[in-house]
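To start, the structure under review is shown below, and the notes come after it.
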Amino acid sequence: MWYFGRDKTGFGVSAMLMVIDIGNTNIVLGLYEGSTLVHAWRIATKNNKTDDEYGAQIKQFFALAELDGTNLEGAIIACVVPPLLDVIERMCKKYFGLEPIVIGPGSKTGMPILYDNPREVGADRIVNSVAGFAKWKQGLILVDFGTATTFDCVSPKGEYMGGVICPGIGISAEALFLRASKLPRIEISAPKATIGKTTVDSMRAGLVYGYVAMVDGLVHRIKAEMPFAPKVIATGGLAAVIAKHSTTIEGVDDTLTLEGLRLLYELNRK
């Protein structure tokens with residue numbers, strides 16, 4: 001049973017941390033009480049929304065969860081949509097009285113970044129890698145199914161080694177709809193067979209099983225360049241759909257990014 005902001009006796013209010021992952025498609029918001037994620041919401045990313053609109057929407061989520069936001073002790077943000085960063089920072093200050101920590105160049109991560117230019121690595125990729133290594137303490141390949149599909153490699157010493165960036169499944173589905181005049185916009189789900197008997201099933205087979213083949217193929221190629229045996233973990237909105245048919249993905253962690261933000265808040269808080 002969740003106790004949203006109250007201790008188990010129903011008296012007193014525990015301090016909470018708000019973690020915000022701003023992606024190209026969705027903004028994922030989580031509330032932590034200590035090390036426990038007690039609530040999470042997903043909001044469509046809209047570059048033209050104001051700080052007031054985001055603030056009102058989040059306040060509404062809080063109200064539905066019987067929270068008022070007065071017990072927030074801090075906030076932390078990872079953002080890959082630069083135009084929205086100032087908007088969400090202003091929202092945190094105006095509606096919750098918080099000066100959020102923003103993960104970026106100069107942030108403490110506790111993880112050496114073995115990229116030619118570490119500033120090029122997306123904040124979400126570092127956050128995932130920090131969370132993954134903290135949880136499994138071994139070499140990893142982390143596959144994040146977001147707007148882009150990314151593969152991030154972590155060494156057994158906890159070093160960020162680099163990775164791969166591919167177009168996401170949603171981008172590919174939308175491209176088929178927009179660029180092929182007779183193909184419909186579809187929901188992404190696995191069909192019963194690879195050989196489709198309808199246009200929709202044919203598209204679903206290409207998207208789902210095509211991405212499964214891409215993921216498994218890339219994982220094999222990445223493993224061939226690693227001098228150790230990594231664990232392969234998936235996260236992101238469509239992780240479960242792909243992992244169900246993959247031969248290389250060993251587990252799914254839906255809250256990996258939120259957990260990474262919590263860990264980095266502890267590392268970067270004043």
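What follows is calculated from the coordinates using simple rules that are stated; it is not laboratory data. All of these numbers come straight from a predicted model, not from anything done at the bench. Positions of Cβ are generated from backbone atoms using ideal geometry, with glycine treated the same way; all protein chains shown enter the neighbour counts.
Springs between Cα atoms under 10 Å define the GNM used for the chain, and in it the highest mean-square fluctuation of Ile195, Ile242, Ile43 occurs at Ile195.
Would you calculate a helix-derived [θ] at 222 nm for the chain, using -39,500 (n - 2.57) for each DSSP H run of n ≥ 4 and dividing by the full residue count, to the nearest 500?
The helix-only estimate for the chain comes to -10500 deg cm²/dmol at 222 nm.
With the simple model of a label 7 Å out from the Cα in the direction of the Cβ, Ala213 to Ala134 spans 3.9 nm. Any chance you could run the full-extension gain for Asp86 through Ala15? It's 0.36 nm times the residue separation minus the Cα-Cα distance, nm to one decimal. Gain in length upon complete extension: 23.1 nm.
Hey, can you rank 55-65, 111-121 by average C-beta count inside 10 Å, highest first? Provide the component values of the computation, followed by the final result.
On the way: 55-65: 15.7, 111-121: 12.7.
Final packing ranking: 55-65, 111-121.
Considering only Glu66, Glu33, Glu159, the Gaussian network model of the chain with Cα springs below 10 Å gives its largest mean-square fluctuation to Glu66. Helix 256-268 axis versus longest C-alpha principal axis of the chain: approximately 40°, rounded to the nearest ten. Net charge dipole, the chain: roughly 480 debye, given to the nearest 20, about the Cα centre with Cβ charges of +1 for Lys and Arg and -1 for Asp and Glu. With contacts taken as Cα pairs under 8 Å and at least 6 residues apart, the chain reaches a relative contact order of 16 percent.
Fully extending the segment from Met226 to Ile171, taken as 0.36 nm per residue of separation minus the present Cα-Cα distance, adds 16.9 nm.
Can you give the net charge of the other residues whose Cβ lies under 11 Å from the Cβ of Val127, counting K and R as +1 and D and E as -1? The partial results should precede the final answer.
On the way: positive: Arg125, Arg262; negative: Asp21, Asp124, Asp144, Asp152, Glu259.
With Lys, Arg at +1 and Asp, Glu at -1, the neighbours total -3.
From the Cα gyration tensor of region 118-261, with a ≥ b ≥ c the square roots of its eigenvalues, which class applies: rounded if a/c is under 1.5, or else prolate if a/b is larger than b/c, or else oblate? Judged from the Cα gyration tensor, region 118-261 comes out prolate (a/c at least 1.5, a/b above b/c).
Against the chain, whose longest principal axis is taken from its Cα atoms, helix 51-64 shows a tilt of about 80°.
For the chain, modelled as a GNM with alpha-carbon contacts under 10 angstrom, which of Ala134, Ala180, Ala148 fluctuates the most? Among Ala134, Ala180, Ala148, the largest mean-square fluctuation in the Gaussian network model of the chain belongs to Ala180. Working from label points 7 Å from Cα in the Cα-to-Cβ sense, the Thr198 to Leu178 distance is 2.6 nm. Identify, among Ala15, Val87, Ala243, the residue whose Cα sits farthest towards the positive end of the charge dipole of the chain, taking +1 on the Cβ of Lys and Arg and -1 on the Cβ of Asp and Glu, with the dipole about the Cα centre. Of Ala15, Val87, Ala243, it is Ala243. Normalising by residue count, region 230-270 has a Cα convex hull of 58 Å³ per residue.
Assuming a ≥ b ≥ c are the square roots of the Cα gyration tensor eigenvalues, decide whether region 47-184 counts as rounded (a/c under 1.5), prolate (otherwise, with a/b larger than b/c) or oblate. Let's see the in-between values first.
Details: a/c = 2.05, a/b = 1.14, b/c = 1.79.
Judged from the Cα gyration tensor, region 47-184 comes out oblate (a/c at least 1.5, b/c at or above a/b).
To the nearest ten degrees, helix 82-96 and the longest principal axis of the Cα atoms of the chain are 30 degrees apart.
Here each label is just a point 7 Å from Cα along the line to Cβ, and for Glu266 and Ala65 those points are 1.9 nm apart.
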